[in-house]
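I have placed the structure first, in the form of structure tokens, so that the comments after it can refer back to it.
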Amino acid sequence: MLIDAENVPASIAMRVIFEAASFGEPRIRRAYGAAGAFQNWRVSLEALAIEPRLVLPCGKNAADIALVIEAMDLMRSGAIDGLCLVSGDSDFTALAYRAREVGVLCHGFSHLEPPAALRAACSGFTVLPAPPRVVAAAPVVAPAPPSLVSLIRRALNENPARDGMTIAELGNVLRRLGYVPGSYGPGKLGVVVGRCTEFVVGADRIVRPRPTPRLIAAE
């Protein structure tokens, strides 16, 4: 099994080995690529006992050339009677031709549909779509609660003729307007309202707007 690590994702490696087992045990497992190509392959290389073939220098088609050279050496030595070519690169079409000519079964694998010429040159070809990437959903952020001051003002304005509201009455109106106990800090409603400097909780437990200081003009 010779893998073009620059052409196929590591996510299909396990399924390739499973499918390849139907033709025989893939004793030789090699992956070819530059250093950057193996960043996403490290786990699969270790878990599936695939030998990385680091190609230097990292020039264009360097990995392809290395794969072809080793494939030709293996076929010439008689060490294999079948070749699993894991790539959808049309550059390997000539290699598939050569394998067929010397009587070596060449089966291709890729995560994408291969070029027609490569598919025709191979003894068979299996497309194994890569699993979709799982994208973490954005955290659901609860909307910020409306300003407590604005809620209290709305509640008091529902009955502007009255001089304030008792804590109990205010609580009923606030809950109808969307107030959730605990959303504005600990304590009962009277304590929470008492922390708002815009209002006054009188001894009679009536909540009123804090009087605006009157300015006396100097004579």
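The values are calculated or read from the model by the stated rules, or taken from the named source; none is laboratory data. Just so it is clear, the structure is predicted and the values come from calculations on it, not from any experiment. A quick note on method: Cβ atoms are made from the backbone with ideal geometry, for glycine too, and the neighbour counts reach across all protein chains shown. These area figures cover heavy atoms from the full protein model, side chains too; ligands, DNA and RNA do not enter into them. Shrake-Rupley method; radii C 1.70, N 1.55, O 1.52, S 1.80 Å.
Points worth noting:
- Between R30, R15, R53, the distinction of being under 30 Å from the mean Cα position of the chain (by Cα), modelled with pLDDT of 95 or more and of a type outside the set (S, T, Y) belongs to R30 only.
- Scanning segment 170-197 for residues that are in a loop (DSSP other than H, G, I, E, B) and either modelled with pLDDT of 85 or more or farther than 14 Å from S147 by Cα (or both) returns P186, G187, K188.
- Hits in segment 99-122 - residues which are surrounded by 18 or more Cβ atoms within 10 Å (Cβ to Cβ) and either part of a helix (DSSP H, G or I) or among the acidic types (D, E) (or both): A99, L118, R119, A121
Listed here are the residues, each with its yes/no results for (1) within 15 Å of N7 (Cβ to Cβ); (2) free of Cβ contacts under 8 Å to residues at least 40 places away in the same chain; (3) not in a helix (DSSP H, G or I).
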{"site": "N40", "(1), (2), (3)": "yes, yes, yes"}
{"site": "A66", "(1), (2), (3)": "yes, yes, no"}
{"site": "M75", "(1), (2), (3)": "no, yes, no"}
{"site": "I80", "(1), (2), (3)": "no, no, yes"}
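- Hits in segment 56-76 (condition: open to solvent by less than 50 Å² (accessible area, probe 1.4 Å), at pLDDT 90 or above and more than 20 Å from F109 (Cβ to Cβ)): A62
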